[in-house]
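Let me begin by presenting the structure, written as structure tokens, before commenting on it.
Rule-based calculations on the coordinates, nothing more; no lab input. Note that the structure is predicted; figures quoted are calculated from it, not measured. A quick note on method: Cβ atoms are made from the backbone with ideal geometry, for glycine too, and the neighbour counts reach across all protein chains shown.
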Amino acid sequence: MVAGKDVCLRRLAKGVRSREVQFNRFLGNAKVTTARVIESWSEGTVAAVEGRHVLAIQDTSEINFATTAKRRRGLGEIGHGNGRGVLLHPMLAADAESGSCLGLLSGQVWTRKGRRTVSHDLRPPSDKESQRWITTAAAARPLLAKAAMVTMLGDRESDIFALYASAAKEQFHVIARSMHDRKLADGSGLYVASEAMAIIEQRAIVLPARAQRTERVALLDLRFGAVELARPQTKFLRHLPKSLPLSLVDVREADPHAGIEPLHWRLLTTHPVTTAEEAWRVVEWYKRRWLIEQFFRILKTQGLRLEDSQVATAERLLKLVAIAAKAAVIALQLVQARDGRDRQSVRIAFDADEVATLAAFNRNLEAQSKRLRNPYPPDSLAWAAWIIGRLGGWMLLRFRPVSPARRERSPKWLPVQRRGLEAQWHALRCAVYSPRPAPAREAADQP
């Protein structure tokens, strides 16, 4: 899946019917369970988190599979009931300082079984889908035992009083974007309290590109302060503390551009925030949440195209989604590692047997050309990215940048994807690898 950037069994089999049948049988094997696949997600992650401040990022994505009235494939409703599919709620581990993806930790994959008839407010937390935020965090905590610090990140769906309350018990921190104008212990409202806070500082930050938004720089006003949330008035939460002390970090655009939705984050966190630098640090950590959005894009649209799958039953689709999630996170790690600046170990994504297989592929690829050699250390993830890129149809153009100000000694590599260039591929290779005259020497280099 990683090399082929696809989950469609027919396309992966490349017309070989036996391969397609074999993988279908694998998905249908009763010994292969979704729970066991999810359990295997963390096999390389546990060692990678040791000694780091880990951002444990959660989110939920709907995987929409095509169905008809006569062919529901056993799938439940998603969205507003106008589609059918699977829900995926993973937890992704990232290094708080570098933003490097360390792998998957835990999560859930499910499809709904009909519509609920009991009102949301009348159901206990254990009977609500929102409970996934707490159960996933609890399942991941033993896997993060060797981390120096753990901070759970979530969007507005994770604004859950019980999640904040569980932080101290599970020994992790939480940063969540506020969704509710919560009541405070003194009877006032959270949003009134945030408006009353003075602007402490202004700073420009870069907002990464998203599906409907290009990358841009936003000038933000910073407010922060201590707040104490009152426990929601429901009988199901009476076992929790009557109030919880948290920190509120409020950032909003000072001068938003016309036609662009202005950024406004109210971030609730268990981290103590007493200075502007601590507040900006919370904002920077929250920005790392977009890593999981990139993971979902690789899984669904810009990589594996999971929603194209024609696997016939919900049981097999659940397994396929769990397997594809692991492939997507490896692809994300390889993307981060491909330029060699991310010095992650190859074992963060591959076990010993897989590394041995990659080494065999590497020898075969290098044997095809005396000129082309893997430029990265064999224990690095960049080394694996070079191999898998070549297997997936990428050509790496080797060149030496020439700059009067800075003389580059080591060669650089520019990846070029073969897909879509099949007709011109031979000509491109000839143009790249044909003998060329040496570049003119710079004036500064003349004797």
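On a full-extension model of 0.36 nm per residue, what is the gain between Ala66 and Glu354, subtracting their alpha-carbon distance, rounded to one decimal in nm?
Roughly 100.3 nm would be gained on extension.
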- Take the Cα radius of gyration of region 76-174 and divide it by 2.2 N^0.38 Å, with N its residue count; two decimals is plenty. 1.22
- Using the alpha-carbon centroid of each, what span in Å lies between region 101-146 and region 1-76? 19 Å
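Pick out the long, greasy-scoring helices in the chain: whole DSSP H runs spanning 27 Å or more along their own axis by Cα, mean Kyte-Doolittle at least -0.5.
Within the chain the helices that satisfy the rule are 314-337.
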- Computed [θ] at 222 nm, deg cm²/dmol, the chain (DSSP H ≥ 4; -39,500 (n - 2.57); rounded to nearest 500): -9000 deg cm²/dmol
- Task: Compare Asp186, Asp379, Asp59 in a GNM of the chain, Cα atoms joined below 10 Å, and give the one with the largest fluctuation.
- Result: Asp186
- Item | 10 Å binning of all Cα-Cα separations within region 177-272, expressed as whole percents from 0 upward | 14, 40, 28, 15, 3
- Query: Given that just one value was derived from the coordinates, which of (1) -0.63; (2) -0.57; (3) -0.48 is log10 I(q)/I(0) by the Debye sum over Cα atoms at q = 0.08 Å⁻¹?
  - Reply: (2)
- In region 18-101, what trypsin sites (Lys or Arg not before Pro) fall in a loop by DSSP, with at most 14 other Cβ atoms inside 10 Å? Lys31, Lys70, Arg72
- Structure shown: which of Lys146/Lys169; Lys300/Lys326; Lys128/Lys183; Lys146/Lys242; Lys70/Lys319 lie over 25 Å apart, alpha-carbon to alpha-carbon? Lys146/Lys242
- Query: So which residue, out of Gly189, Gly114, Gly389, gets the largest mean-square fluctuation from a GNM of the chain using Cα contacts under 10 Å as springs?
  - Reply: Gly114
- Note on the structure: Among Thr117, Thr136, Thr67, the residue with the largest mean-square fluctuation in a Gaussian network model of the chain built from Cα contacts under 10 Å is Thr117
- Between Arg363 and Ala30, with labels modelled 7 Å along Cα→Cβ, what's the label distance in nm to one decimal, could you check? 4.2 nm
- Query: Quick one: if you stick a label point 7 Å off each Cα along the C-beta vector at Arg216 and Arg203, how many nm between them?
  - Reply: 2.1 nm
